[in-house]
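The values are calculated or read from the model by the stated rules, or taken from the named source; none is laboratory data. From a predicted model like this one, the values you see are computed outputs, not experimental measurements. FYI the Cβ positions are ideal-geometry reconstructions off the backbone, even for glycines, and counts take in every protein chain you see.
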Amino acid sequence: MEKKKVTKLFLFLIALVVIFFPGYSKYQELAQKNRELREKIQQLEATNKRFQKELSRLEGDPSYLEKVAREKMRIIKKGEIIYKSQENAR
């Protein structure tokens, strides 16, 4: 009699594992994906903050705007002459 109870309990536990393990593993997978997406959101928010700061500087600081225009877009003032030097490749 006692052996039948143990066998039934064992089979019940096996059935529970078979039923709930796939759901639990899927939950773990989704939890990991959620953590990764939260990290990505934090990175994007930091990048967005840097871009907002850059935009604010470009809109509010004429000397910074001029510096960026000269460096990145190679814009020159009227009457300026640009001299390019060639480095020796030795």
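Data table
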{"item": "Test: residue in the range 51-74 that is at pLDDT below 90, surrounded by 10 or more Cβ atoms within 10 Å (Cβ to Cβ) and of a type in the set (S, T, N, Q)", "result": "no"}
{"item": "Which numbered condition residue 82 misses (of (1) of a type outside the set (Gly, Ala, Ser); (2) in a helix (DSSP H, G or I); (3) loosely packed, with under 10 Cβ neighbours inside 10 Å)", "result": "(2)"}
